[in-house]
1. Under a 10 Å cutoff between Cα atoms, tell me which one of B:N325, B:N25, B:N81 has the largest fluctuation in the Gaussian network model of chain B.
2. Counting other Cβ atoms within 10 Å of each Cβ, which GluC sites (Glu not before Pro) in segment B:39-95 have at most 14 and sit in a DSSP loop?
3. For B:E263, what charge total do you get from the other residues with a beta carbon under 10 Å from its beta carbon, if Lys and Arg give +1 and Asp and Glu give -1?
4. Can you give the relative contact order of chain A as a percent, counting alpha carbon pairs under 8 Å and 6+ residues apart?
5. Determine the percent antiparallel among the DSSP beta bridges restricted to chain B, to the nearest 5.
6. Pairing rule first: another cysteine's C-beta must sit under 4.7 Å. Under that rule, which cysteines of chain A stay single?
7. To the nearest 500 deg cm²/dmol, what mean residue ellipticity at 222 nm is calculated for chain B from DSSP H runs of n ≥ 4 alone, each contributing -39,500 (n - 2.57), summed and divided by the residues?
8. With both bridge residues required to lie in segment B:247-369, what share of the DSSP beta bridges run antiparallel, to the nearest 5%?
Amino acid sequence: MPDLSINFAGIKSPNPFWLASAPPTNSGYQVMKAFDAGWGGAVWKTLGVPVVNVSSRYGGVNYRDKRLVGFNNIELISDRPLSHNLREIEEVKKRFPNHAVIASLMVQSRQEWHDIVRQSQDAGADGFELNFGCPHGMCERGMGSAVGQEPKVLQMIVEWVMEVAQKPVIVKLTPNISDITEPAMAARRGGADAISLINTIQSIVGVDLDKFAPYPIVDGKGTNGGYCGPAVKPIALNMVKNCAQHPDIKLPISGIGGIENWRDAVEHILLGASSVQVCTAAMHFGFGIIREMTSGLEQYMVEKGFNTINDMVGKALPNVLHWEDLNMKYKVTANINEDKCIGCQLCYTACEDGAHQAIKLNAGTRVPEIIEENCVGCNLCSLVCPVEQCITMEQTDSGTQHLTWKERTEAGDIPTKFEDEKAGGRHHWVPEPAAALGKERHKTLPGKARLYSGETQVPAQAEA
Amino acid sequence: MAEFSTPTTEQQFAENFAQLKPVMNRTEALYESSRCLFCFDAPCIKACPSGIDIPQFIRQINSGNDTGAARTIYEANYFGNACGKVCPTEVLCEGACVYNLQEVKPIEIGRLQSYATTKAINSGKHLFGSGADNGKKVAVIGAGPAGISAACELRALGYGVDVFEAKAQPSGLTVYGVAPYKITNEETLAEMAYLQAQFGYNVHFNSAISSRAELKKLEEKYDAIFLGIGLGKTNELGLPGEDKINCTGAVEFIAELRQHHHEVAVGRKVIVLGGGNTAMDAASESSRLGAETVLLAYRRAKEEMGAYEFEYDLAKGVGVRGLFNVAPVEITGNGYVAGVKFIRTETKDGKVQEIAGSEFVEPCDMVIKATGQAKQTEFLSLIPGLKLDGKGRILANAHTGQTSNPKYFASGDAWNGGAEVVNAAAEAKLTARGIHAYLSK
Ligand SMILES: Cc1cc2nc3c(=O)[nH]c(=O)nc-3n(C[C@H](O)[C@H](O)[C@H](O)COP(=O)(O)OP(=O)(O)OC[C@H]3O[C@@H](n4cnc5c(N)ncnc54)[C@H](O)[C@@H]3O)c2cc1C
Ligand SMILES: Cc1cc2nc3c(=O)[nH]c(=O)nc-3n(C[C@H](O)[C@H](O)[C@H](O)COP(=O)(O)O)c2cc1C
Ligand code: SF4
Ligand code: SF4
Ligand code: SF4
């Protein structure tokens, strides 16, 4: 059996799955329940200054029948009294000495930071997470993302915290910034032990078409909120990767953003995270999802021969390059598996209207055909095909040549004019513009009218 | 033991005849519409005799535009709601859905269609209206799917339309023939009321056109006459004993059933003669009315039945048993039906042959003849110059519906010989366009 336990910048936990600082970690009751269910750690709902929340706090993005592929909130940090939170942290730590309890903190002045760090230390917290991420409500008061977006202020506050902290300090970064490595570097300069990312992304998840107001609606009005859930994973992964690949940051990373199952967690880990945090998925499905996450992770590690989480941290990083370092000699071509094809022709219309007119239809069959010379290997058809493994992208180059844009640039082998033979797309066939006319018009007709052409009506047979 | 106990109240009737395709709620419609792939040049559209743009209306449901979905459906088929419930979707749109090729359940197109149109009907949403009055008038004979569809389209084109219907209710066999577990009378009539409110044609009920004099009046008063008269009574078998009490035609039996529900009595042991869809319906219905045994007797082998496989499965599912390769020779009994004398048959070179000396009597107390509907040849002979084909079907141009008497146009069962509601609706819409082209010349 692989060992799932981790030591994250000095914080130990039985597995890498932590609950992110958010409503699921709002109370000792919830955290104990989560640990009982199998979670390895919890970052307590952010402690700090007194706040007041509004009613109507969350908005969701649904895709067709899938609920909450994206989620947003306009909630603030913990609105429970600090003393209650501290007492419950102490209680949880007594019951679960081997689980990680991290105090998430957000205050303003140096003195306040010193006080709250000391208090949570005394309560038994295993570490701190400085919330420089919240993109609404707190930033207006000079906290949260207002700090995360100012590397200098961020560094100063980290320094204040380091003056009194005796436990590891994690800095939680906001993604509402153009280069995530800048605040990460500031955290490093300030002496932080680790970083966690991402916090929520500033967003409007939707507009009520009748009330003309953004969700969530508070008395007819709304405001921008923080976006999270499955939809933000790609953004989180890229930012995790940027921090992990940066030569100078060199801090352990707690990956957050869109993690719902073991697969999402492994992706974060392969790109450099050594612990992962979950919020939306726990809010959507409850703490029970941890069983699938741990068992899936374990299974994967067994299959890949990884003994510890550390064995896999950053495994994909060497394969994430800059565009200019990709092999331009590599070529794939779409291939339709006729036996699997169900004839929906989504690939045809996708390539025809959205790509390179490299798929054609033939009379007498609904199985489309790839025009190999025209296929640029963009993958679109294989992405829209509803049948698993029906369209595969097959390698068609010899696999022996390797040439990158960078190498070509260095060798002076790049096109500088469109007439240049070396320029891309030169010999790629595209139909005459006017050939498009009339192709789709019949579809605007109602009912039978669209079938007129070439269709004769045969009287049905009388009943026996 | 009977599968069903005899219903004695409207509620028990509704339970025995529970809807096969109940109307979806919004959640189910959202989930089901989400599965549609939005195929290019979708095969389901091609398989729909009325050519409804199925992926379009499913997408409209999915994006919360149920009204737009209803419009898409009605633009192609005025019986959109009824069709969603009564169409043999298994062999039409749903049978063509690409999911079948993946052995995944096809999209429930019919139920989605009823969902959107039911919403429009219940809300009374005004989707269509009559066109600007063009001063011309058309008489429509028969308020069935063909007649009503023609009336709607003609009104949209600006014609004055009077519909003459022999019976007391509109929709033809939709309310007098289709099995009660496919659609309720309320649903059928709600769509009829909705259409009439939208298009404003006149319907004269209990107004059979049956004489040359009446036809002549119509010819004088109207610019064109549309024949949507459907088919007639159940064919006579010409067997001894056919006049015995409790020997009835399927169409007549079902019409009673649709109107009087649990008040219709069925025998304890019923024999249904025939192998078409109507036979399957009559057998299923007898069983649901509480008959102890229902035998389906067919002259040929099981595989040769004209009925759709799913209709036979439906009948089997409610306890109906099949008796194949038997031909009825006599209805026995003394005043009342007491049995059917059969002779066994075999099929040789495609021909049914009786096996001499193989007669036997199967006792029963009710016989339902589902041996096809007669054509209305007698009535049609009153129309000068109107030609019929060898099977008694009106001959008419497939695109315009114009008959050999240029003033008369025809669609539906009377023209196609007996198909489905959807065929009648689609043909009549086309024919209305044919009338328009003729009268605009
Ligand atoms: C038992 C049975 C079950 C069926 N089940 C289904 C099913 O599940 N699904 C499906 O899609 N189809 C089903 N059908 C077929 C479907 O009902 C018909 O194809 C469809 O109703 C044909 O429409 P129509 O307008 O041509 O004729 P009809 O529906 O027969 O309408 C003709 C109308 O004209 C009236 N009429 C006739 N002569 C005159 C006259 N001289 N003067 C005035 N009025 C006249 C009649 O009273 C009737 O109202 C079934 C048919 C039967 C018999
Ligand atoms: C309702 C809500 C409240 C949150 N409150 C806090 C908070 O108090 N402190 C904090 O650092 N992050 C807070 N977050 C951000 C989460 O900790 C986490 O960074 C973010 O939701 C991304 O993870 P996910 O995709 O798993 O939800 C909150 C998120 C939500 C949805
Ligand atoms: S890979 Fe791209 S270009 Fe090639 S066939 Fe598919 S969609 Fe067209
Ligand atoms: S998308 Fe896939 S299943 Fe659909 S037609 Fe293309 S290859 Fe066939
Ligand atoms: S064939 Fe099926 S999946 Fe494709 S558009 Fe029609 S209903 Fe949708």
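A short reminder: the numbers here are calculations on the coordinates, not readings from a lab. Here the structure is a predicted model, which means the values were calculated and not measured. Using ideal geometry, Cβ is built from the backbone for each residue, glycine included, and neighbour counts are taken over all protein chains shown.
1. B:N25
2. On the way: sites: B:E75, B:E90, B:E94; in loops: B:E90.
Those that pass, being in a loop and sparsely packed, number zero.
3. On the way: positive: none; negative: B:E10, B:E256.
Summing Lys/Arg as +1 and Asp/Glu as -1 gives -2.
4. Details: 905 pairs, mean separation 58.3, N = 464.
Value for chain A: 13 percent.
5. Details: 18 of 50 bridges.
Just about 35 percent of them are antiparallel.
6. A:C134, A:C139, A:C228, A:C243, A:C279, A:C341, A:C351, A:C375, A:C378, A:C385, A:C390
7. -11000 deg cm²/dmol
8. Details: 14 of 30 bridges.
Expressed as a percentage, antiparallel bridges in segment B:247-369 total about 45.
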